Protein chains: 4
Amino acid sequence: MKAVAEIQVIPIGSGVSVRTEVKRAHGILAEAGLQAQLHSYGTNVEGDLDEIFAAVRRIHETLHAEGTVRISTFLKIGTRTDKDPDLAGKLF
Amino acid sequence: MKAVAEIQVIPIGSGVSVRTEVKRAHGILAEAGLQAQLHSYGTNVEGDLDEIFAAVRRIHETLHAEGTVRISTFLKIGTRTDKDPDLAGKLF
Amino acid sequence: MKAVAEIQVIPIGSGVSVRTEVKRAHGILAEAGLQAQLHSYGTNVEGDLDEIFAAVRRIHETLHAEGTVRISTFLKIGTRTDKDPDLAGKLF
Amino acid sequence: MKAVAEIQVIPIGSGVSVRTEVKRAHGILAEAGLQAQLHSYGTNVEGDLDEIFAAVRRIHETLHAEGTVRISTFLKIGTRTDKDPDLAGKLF
């Protein structure tokens, strides 16, 4: 199922700057072959819903393996049946 | 990977009342065997992250199959390595 | 304007446990006279929208004054014109 | 207090397309003099927290006055004391 999503990953109990973890997460989304658009409050992606979920799980696994103790992720997921959901279609 | 999550499903372009769709979504979470706590702004669940994601996909598939044209879902996902994440541990 | 809301306050760069800050935030919501229901992923409140916003600002001010360097808050706000929005009406 | 925010307004019980309402909301943010960046999953703004909240209230009031029966808004609010929060600083 095709979906659009917004993904925001927040490490908890790490430093005040979370730039390293956010860059890592963004890299994993890019490796996943998902079309990804970074903005100031998260990363918007479009692609297959299962692949989006798999990428989010990989972000949690990777950050935990690299030392982040606690992670809170905010996801928005959009699907529709009247046309293909895409990021461009949500702009005006 | 064990996770806690909050799931809020919003049908777009359906009626002003979304009770039918929310009950349907809640039923699917219950069927998935996830421990689920309904509250006024979503449903909190705890369980395996892959099973949580599979249940969310099933909610989208089911509601679309039953006529909902557009769905926006808000998810919060929490994981941690210092102890098992659980819903009870997030209360005080 | 009457509203229902969900408020989740996340201190960034503090400890892995955020219990102290969450309890503080919850206390400020209670002092504000807003009907507040704590759940595992935030606090649901119902009341006047301006008072809800004022309480959120007071939470940020108070936690910053007490040493929290960075705060990220997630808010859901619901209003409607067909009937009074209330937390009970969102359950089934 | 200076803040960064993400604002996503969802009309419930309106049409499958919410473009008209989203454009209206975006216009109100622009009129408020807040620096606003539209993206595919919301609008990021930076400015005074009270002015951000006032603009969100005005969006709800305006859309309701123009016929939207029910509105659900998702807000992310970020403040920090170590430096001025700004949208540019959240990119890398």
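The values are calculated or read from the model by the stated rules, or taken from the named source; none is laboratory data. Because the structure is a prediction, the values reported are computed rather than measured. Ideal geometry is used to build each Cβ from the backbone, glycine not excepted, and the neighbour counts take in all protein chains shown.
Taking the criterion of being among the small types (G, A, S) and closer than 21 Å to C:K76 by Cβ, the residues of segment D:71-92 that qualify are D:S72, D:G78.
Tell me, yes or no, whether segment C:44-51 has at least one residue that is crowded, with 16+ Cβ neighbours inside 10 Å, on the phi > 0 side of the Ramachandran plot and at pLDDT 95 or above. Scanning segment C:44-51 turns up at least one residue that is crowded, with 16+ Cβ neighbours inside 10 Å, on the phi > 0 side of the Ramachandran plot and at pLDDT 95 or above.
Report whether or not C:L29 is farther than 20 Å from D:G47 by Cβ, of a type in the set (A, V, I, L, M, F, W, C) and in a strand (DSSP E or B). In short, no. Selection over segment A:14-43 of residues that are touching a strand residue (DSSP E or B) at 6+ places or on another chain (Cβ under 7 Å) and on the phi > 0 side of the Ramachandran plot gives a count of 1. A single member of C:L91, C:L75, C:L49, C:L87 is more than 30 Å from B:A3 (Cβ to Cβ), facing another protein chain (nearest Cβ under 7 Å) and of a type outside the set (S, T, N, Q), and it is C:L49. Scanning segment C:15-27 for residues that are surrounded by fewer than 20 Cβ atoms within 10 Å (Cβ to Cβ) and either polar (S, T, N, Q) or touching a helix residue (DSSP H, G or I) at 6+ places or on another chain (Cβ under 7 Å) (or both), we see that the one that is nearest to C:R58 (Cα to Cα) is C:R24.
Somewhere in segment D:3-17, is a residue in a helix (DSSP H, G or I) and away from chain B (no Cβ under 14 Å)? No, segment D:3-17 contains no residue that is in a helix (DSSP H, G or I) and away from chain B (no Cβ under 14 Å). Inspect segment C:45-68 for any residue being touching a strand residue (DSSP E or B) at 6+ places or on another chain (Cβ under 6 Å), of a type in the set (V, I, T) and touching a residue at least 60 places away in the same chain (Cβ under 8 Å) and give the result as yes or no. The answer is no; no qualifying residue exists.
Among the residues here, C:A65 qualifies as of a type in the set (G, A, S), more than 23 Å from D:H60 (Cα to Cα) and either buried (at least 22 other Cβ atoms within 10 Å of the Cβ) or at pLDDT 95 or above (or both).
The rows are residues; the columns are (1) in a loop (DSSP other than H, G, I, E, B); (2) more than 10 Å from chain D (Cβ to nearest Cβ); (3) polar (S, T, N, Q).
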| site | (1), (2), (3) |
| --- | --- |
| A:T20 | no, no, yes |
| A:R24 | no, yes, no |
| A:G33 | yes, yes, no |
| A:A36 | no, yes, no |
| A:V45 | no, no, no |
| A:F53 | no, yes, no |
| A:E61 | no, yes, no |
| A:G67 | yes, yes, no |
| A:K83 | yes, no, no |
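Would you call D:A88 small (G, A, S), at pLDDT below 95 and buried (at least 21 other Cβ atoms within 10 Å of the Cβ)? It is false that D:A88 is small (G, A, S), at pLDDT below 95 and buried (at least 21 other Cβ atoms within 10 Å of the Cβ).
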